[in-house]
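The values are calculated or read from the model by the stated rules, or taken from the named source; none is laboratory data. For clarity, every value in this text was computed on a predicted model and none was experimentally measured. For neighbour counting, all protein chains shown are included, and Cβ atoms are generated from backbone atoms with ideal geometry for every residue, glycine included.
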Amino acid sequence: MIKTILVAATGSDGDAGVLAAALAVARPFAAHLDVLHVRFDATTVALAMATDAGSGALTAGLIERIEQDARDREAKARANFARFCSDAGLAAATVPGIAANAVPSAQLHVEIGEEARWMASYGLAADLIVAPRARGEETDERAILEAVLLETGRPLLIPATGPMPAGFERIAIGWKATPQAARAVALAMPFLARAREIVVLTIEERPEAADAADRIVRNLAWHGFAARGERLRPGADGAAATLLAAARERADLLVMGGYGHTRLREWVFGGVTQAALAEAPLPVLLAH
């Protein structure tokens, strides 16, 4: 059961879409939204900027400009949150109660420091994390996705660019015989239990992949889910494009593992995961 959802609020125009997507997921479960805005530390940011510029000297004017930007972002995040709650008719709640079991609620949290670290910290105590997708190699959004995937053990939901459906009636599982994919399926059980159709999509890379897909279909049947398997041949654009195209045609949600490898302290995502993070035409539920 999903009862708490962590949502990233950046203090930008994109907050409205992410909050609306999180609420669409929260309504069927009467879940609580923990909305987190992280205000960056002006001195730390100014020091990093001065170091990158080849000078370790900080100026009061630079720190004040960064601090003003942080205040403006926090004010916008608070305004976005207040408008969101008012438009959605959401009650503010700081502790669970009888009402928490019947309707969604929300609370805004503000912290100071590095956004990715705070998202990971809060994410450890959430049933689901909702964060915007990353489209570049060096973005704050990407750092958040990497941190919550690697450090929380919780499922991460990345909305598509369009409106989130009221419910995920058709779910595609991008299956690969790995612990990440198995964990993603396990964490997606609250959504799978409400789905009308479930299809397990497998890219035909090795002969044993078919047997592995049949086993997960059989496992889902023991849970009472009428899933079916479908094997895909990689197209000219590669496995990632093939999987995403098939999922777009067959489902409202794609469930898959987050794959990649570590290189020093950086996380380098595999091709399929990278495509899902940046280009998926439907919401994606990821787990590592």
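Whenever a residue of the range 156-179 is at negative phi, its partners that are of a type in the set (Phe, Trp, Tyr), lying with C-beta atoms within less than 6 angstrom and at least six residues away or across chains, give the pairs Phe168/Phe191.
Filtering the range 70-99 down to residues that are of a type outside the set (Gly, Ala, Ser) and modelled with pLDDT under 90, which residue is nearest to Gly11 (Cα to Cα)? Give the steps one after another, and end with the answer.
The initial filter retains those residues of the range 70-99 that are of a type outside the set (Gly, Ala, Ser), namely 71-74, 76, 78, 80-81, 83-85, 87, 90, 94-96, 98.
Those left that are additionally modelled with pLDDT under 90: 94-96, 98.
Numbers: Thr94: 21, Val95: 24, Pro96: 26, Ile98: 31 Å.
Out of the qualifying residues, it is Thr94.
Taking the conditions (1) within 17 Å of Arg248 (Cα to Cα); (2) modelled with pLDDT of 85 or more in turn, Pro163 satisfies each one other than (2).
Checked against (1) buried (at least 19 other Cβ atoms within 10 Å of the Cβ); (2) modelled with pLDDT of 85 or more, Gly258 meets all criteria but (2).
Only one of the numbered conditions (1) modelled with pLDDT under 90; (2) surrounded by 14 or more Cβ atoms within 10 Å (Cβ to Cβ); (3) in the same structural domain as Ala8 (by TED's automatic domain parsing) is not met by Thr152, and that is (1).
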